[in-house]
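> Below is a structure I'd like to ask you about.
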Amino acid sequence: MQKIESVSVMRSVAADLRAQGKTIALVATQGALHAGQEALIRAAVQSAQVVIVSIFVNPLQFGPNELLTNYPRSLAEDVALCARCGAHSVFAPTAEDIYPRGYSTFVTEDSTGKPLDGVSRPNHFRGVATMMAKLLAIVRPTQAFFGQKSAQRAAVVRKMAADLCFDVEIVVVPTVREADGLAAGVRNKEMTASQRQESLALSKALFKAKEMFAAGTRSPDRLIAEATHILGQHRRVRIIYVSIVNCVSMETAREVESGKTMLVIAAWVDELRMVDNAVF
């Protein structure tokens with residue numbers, strides 16, 4: 001496996017792979033890899049002949065109250081994990097190479113990125129779409145893999161790729177959960193024991209809503225009310241949103257349909273911002 005730090009080298013390597021007729025899968029990450037991203041890489045290895053993992057802490061994704069410098073970094077460990085999983089290359093460019101002096105072009109997706117995190121994190125998805133457009137142009141993969149936990153991110157990239165005619169399949173891999181139900185995430189290792197217990201409110205709310213749906217409940221209001229009630233029992237959990245949305249458009253769903261709608265939750269647990277979701 002090779003580590004590539006230059007955009008020009010990555011473009012050249014990817015072009016050679018395509019010339020050889022190889023199918024390429026891209027797993028775009030910000031590093032500090034965890035079990036969820038490991039699952040993405042392993043799924044990509046099973047699907048494509050070549051897997052390229054990008055590791056880049058994208059400054060455009062961070063809002064005014066989100067400190068870029070606080071994002072955890074573990075490049076050496078990340079590269080070792082990618083090698084164990086069977087990745088062909090790790091693309092770890094510098095910010096200066098991705099956004100050189102004078103850079104002034106941005107990509108905005110104005111539909112799937114508007115609700116939910118689009119409200120609570122203004123300009124976040126402009127950063128996601130811009131970076132993903134650059135990665136898709138540099139690597140030109142046949143597939144790009146995302147985790148279900150980042151459902152809105154995957155939806156934004158799918159819409160952006162379709163609108164801008166990128167010939168890429170967006171593949172969503174089920175959320176990896178730890179033994180207690182907590183979705184794998186970059187911040188999990190930072191939690192205190194009490195924060196972890198409070199954070200479990202998200203998965204408990206999702207699991208309860210799915211149980212209710214399996215038992216016949218189809219009212220979005222009832223499902224949201226129950227999830228909100230469970231979250232409200234935890235005093236350190238501050239709800240950002242609880243909503244039932246269409247899996248593709250991210251629009252609020254008027255009715256709950258199997259395989260087409262999901263319950264999405266975002267909440268603060270102390271200073272940690274948590275997101276999770278479940279498809280009915």
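A short reminder: the numbers here are calculations on the coordinates, not readings from a lab. Given the structure is predicted, the values throughout are model-derived calculations rather than measurements. Because the Cβ atoms are built from the backbone with ideal geometry, glycine has one as well, and the counts that use them run over all protein chains shown.
> Using the count of nearby Cβ atoms within 10 Å as a rough guide to exposure, how do 202, 223 rank from fewest to most? Display every interim value, and only then the final one.
On the way: 202 28, 223 23.
Final ranking by Cβ density, sparse to dense: 223, 202.
> Right, here's the next one. Please arrange 217, 175 by how many other C-beta atoms lie within 10 Å of their C-beta, fewest to most.
Numbers: 217 15, 175 21.
Arranged by neighbour count, lowest to highest, 217, 175 become 217, 175.
> Continuing with the same structure: Stretch residue 97-residue 229 to full length: gain in nm at 0.36 nm per residue minus the Cα-Cα span?
42.8 nm
> With only alpha-carbon atoms in the gyration tensor, what are the semi-axes of the equivalent ellipsoid for segment 214-280, in Å, largest first?
Details: eigenvalues 98, 38, 14 Å².
Each semi-axis is √(5λ); the values are 22, 14, 8 Å.
> Identify the chymotrypsin sites (Phe, Trp or Tyr not before Pro) of segment 67-168 meeting these criteria: DSSP loop state and at most 16 other C-beta atoms within 10 Å of the C-beta. Mind dumping the intermediate values first?
Details: sites: 91, 103, 106, 125, 145, 146, 166; in loops: 103, 106, 166.
Counting only loop positions with at most 16 other Cβ atoms within 10 Å, the chymotrypsin sites (Phe, Trp or Tyr not before Pro) in segment 67-168 are 103, 106.
> Where in segment 58-163 are there GluC sites (Glu not before Pro) that are in a DSSP coil and have at most 15 other Cβ atoms within 10 angstrom of their Cβ? Could the numbers behind the result be given before it?
Numbers: sites: 66, 77, 96, 109; in loops: 66, 109.
Those that pass, being in a loop and sparsely packed, are 66.
> Taking H placed 1.01 Å from N in the peptide plane, check which residues at least 5 places from residue 31 or on another chain put their amide H under 5 Å from its amide H.
56
> Please name which of 230, 70, 119 has its Cα lying farthest along the dipole of the chain towards the positive end, using unit charges on Cβ (Lys, Arg +1; Asp, Glu -1) and the Cα centre as origin.
230
> OK, next. In whole angstrom, and with the biggest value first, how far do the Cα coordinates of segment 140-280 range along each principal axis?
Sorted from largest, the Cα extents of segment 140-280 read 46, 37, 24 Å.
> Would you please report the Å³ per residue occupied by the convex hull of the alpha carbon atoms in segment 2-173?
112
> Further, regarding this structure: Summarise the long-distance tail of P(r) for segment 148-219 by giving the % of C-alpha pairs beyond 20 Å.
On the way: 1299 of 2556 pairs.
Counting pairs separated by more than 20 Å, the tail of P(r) holds 51 percent.
> Please list, in order along segment 245-261, the HN-Hα scalar couplings obtained from phi with the Karplus expression 6.51 cos²θ - 1.76 cosθ + 1.60 (θ = phi - 60°), rounded to whole Hz, x for Gly and Pro.
Those phi angles translate into 10, 5, 5, 9, 8, 6, 7, 4, 8, 7, 9, 9, 10, 4, x, 10, 10 Hz.
> Right, here's the next one. Taking the dipole about the Cα centre of the chain, with the C-beta of Lys and Arg at +1 and of Asp and Glu at -1, give me whichever of 267, 164, 58 is farthest to the positive side.
267
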